[in-house]
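Undergrad: This structure is in structure tokens; I'll ask about it shortly.
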Amino acid sequence: MGGVVVMNSFADILNKPTLFRDRNVLSPHYIPEALPHREKEITKIMETVSPALKGERPHNLLLYGKTGTGKTCSVKYVMEKFSSVPSASKMVYVNCRIYDSKYKILQKVVKDHIPEFYKQGYGFSFLYEKILNWIEGDGKSLIYVLDEVDMVKDIDDLMYTITRSNDELKRGCISLIGISNKVSFKERLDPRSRSSLFETEMVFAPYTSYQLREILKQRSTRGFVDGVVEEGALNLAAAIAAQDNGDARYALKLLLKAGELADENGDSKITDTHVEKARRTVDEDISVEAISTLPRHQQIVLYSIASLQCEGGRYSSLGDNGNSRINGLLSGEVFERYSLLAKKFRTEARSARWYREYLNDLEMLGLITLTDSGKGQRGHTRFIKLACSPQKVMQLIESVVFGQSIAPSPMPTG
Ligand code: ADP
Ligand code: MG
């Protein structure tokens, strides 16, 4: 019997030569022990929250800036320092993409700190009462860190509740740190919550290419074997990311992917060629990730655009290129489709005001482009175009929403 030698083994895989020393360091969840070029911001956050350590109420603070400018990691960095100082006070981190309502935000603090009351079915006032008792128990200062606070549906209610709780509390207090990628969300707030949420504001500017280079340098020293990352690779990754909104997350992704590509190829150095290749794969991944993590209504709007665009293609092949479709879809027809489709996605369509904001979000993420119609043509409207393949968008959203591809059902035409 000719013995077949099985070469596959985990040992072989694990012993495969690699340029990585610690991949984990390149992950977006890793928080380095120092955050270059955010020292000032971190100091200011620390100063703002410090009264809590003496049992006083810190001012509310709003941090905003584009994605990847280090808002989340700066605050998490401060949270770690905060929790290492002995005090009754607490900072509680809430990702509002998940906890997107006043009720869920209260639930989160109960879940983290008074778990005996964390059960489905408790009403709002019950939880509210428990939280106030918990705060009064030792007169703590509770600092809610609401990341992506613009996702909170009933933010005005929440602000009202917090203001009221500070009046009701005999000891202790609640304050907020809001974090947002959008400045525009300010306009949606009612004036009272606006002035209260914006007691202090801070803007995180996009990183420059130079700053990104240093951030990458710091991570690559820990993440990769000494000397394998070429300067040219770091410079290129930094330059690409600086052009693209100064986003450190994107820069790190490029570097991670470049390392993987070099490994796959058995190369001994990471060069600008790997970075260039990495850029293409990362861009592809990012739009998939961006779409699948979009809040539901934005997904439905995007789906509406994709489905109309698929049909629009048919129109033009029939020779009906009469008018506006050349420039893109009309904002109004997309809204109509969105209202119609919402049901199919088991939800209720939001108002036109929200819809316009969703469009802005989608544009900011680079998923669509918007152009103004200018004067004359049908009054003032916007033309909408998808920035990626409509078929792919539809498939992706269907699989994310329904867990599997569904056969597109024919849409009534208006
Ligand atoms: P934002 O919340 O503004 O979108 P994050 O705080 O999530 O941005 O940062 C994105 C990624 O970039 C994270 O992986 C973080 O580790 C990294 N990062 C951002 N700023 C810095 C910095 N100054 N130094 C080191 N890493 C950073
Ligand atoms: Mg963030």
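Rule-based calculations on the coordinates, nothing more; no lab input. Note that the structure is a prediction, hence the values are computed from the model and not measured. Positions of Cβ are generated from backbone atoms using ideal geometry, with glycine treated the same way; all protein chains shown enter the neighbour counts.
Undergrad: Please report how far the C-alpha centroid of the range 103-147 lies from that of the range 151-205, rounded to the nearest whole angstrom.
TA: Between the Cα centre of the range 103-147 and that of the range 151-205, the gap is 17 Å.
Undergrad: For the range 134-260, just say rounded, prolate or oblate: build the C-alpha gyration tensor, square-root its eigenvalues into a ≥ b ≥ c, call rounded for a/c under 1.5, and beyond that prolate if a/b exceeds b/c, oblate if not. Present the calculation step by step, with values, prior to reporting the outcome.
TA: Details: a/c = 3.94, a/b = 2.28, b/c = 1.73.
Prolate, because a/c is 1.5 or more and a/b exceeds b/c.
Undergrad: In whole Hz, what ³J(HN,Hα) sequence does the range 89-98 give by Karplus (6.51, -1.76, 1.60; θ = phi - 60°), x for Gly and Pro?
TA: 6, 9, 9, 10, 8, 10, 8, 6, 5, 9
Undergrad: Which of these, 29, 274, 297, has the largest mean-square fluctuation under a Gaussian network model of the chain (Cα springs below 10 Å)?
TA: Ranking 29, 274, 297 by mean-square fluctuation puts 29 first.
Undergrad: Gaussian network model of the chain, Cα springs within a sub-10 Å range: biggest mean-square fluctuation belongs to which of 217, 104, 16?
TA: Between 217, 104, 16, it is 16 that shows the largest mean-square fluctuation.
Undergrad: Taking 1 over the mean of 1/r across every pair of different Cα atoms in the chain, what Kirkwood radius in Å do you get?
TA: On the way: mean 1/r = 0.0410 Å⁻¹.
When all Cα pairs of the chain are included, the Kirkwood radius is 24.4 Å.
Undergrad: Wrap a convex hull around the Cα atoms of the range 39-204, take a quarter of its surface area, and give that in square nanometres.
TA: Values: hull surface 35.7 nm².
If you wrap the Cα atoms of the range 39-204 in a convex hull and average its projections, you get 8.9 nm².
Undergrad: Just grab the label-to-label distance for residue 243 and residue 85, each label 7 Å out from Cα along the Cβ direction, in nm (one decimal).
TA: Spacing of the two 7 Å Cα→Cβ label points: 4.4 nm.
Undergrad: Search the structure for amide H atoms under 5 Å from the amide H of residue 55, placed 1.01 Å from N in the peptide plane, and list their residues when 5 or more places away or on another chain.
TA: Under 5 Å from the amide H of residue 55 lies no amide H from a residue far enough along the sequence or on another chain.
Undergrad: Using every pair of alpha-carbon atoms in the range 208-291, split the distances into 10 Å bins beginning at 0 and state the percent of pairs per bin, rounded to integers.
TA: 20, 56, 23, 1
Undergrad: Please list, in chain and number order, the residues 5+ apart from residue 176 or on another chain whose amide H is under 5 Å from its amide H, with Hs placed from the backbone.
TA: When sequence neighbours closer than 5 places are left aside, the close amide H contacts are 60, 61, 144.
Undergrad: Using the Karplus curve 6.51 cos²θ - 1.76 cosθ + 1.60 with θ = phi - 60°, what ³J(HN,Hα) values do you get for each residue of the range 131-144, in whole Hz, with x for Gly and Pro?
TA: Once θ is set to phi - 60°, the couplings for the range 131-144 become 5, 4, 4, 4, 5, 5, x, 10, x, 7, 9, 9, 10, 7 Hz.
Undergrad: Step through the residues of the range 191-205 one at a time and calculate ³J(HN,Hα) from phi using the Karplus curve (6.51 cos²θ - 1.76 cosθ + 1.60, θ = phi - 60°), rounding each to whole Hz and writing x for Gly and Pro.
TA: Calculated HN-Hα couplings, in order: x, 5, 5, 4, 5, 7, 5, 9, 3, 9, 10, 8, 9, 9, 6 Hz.
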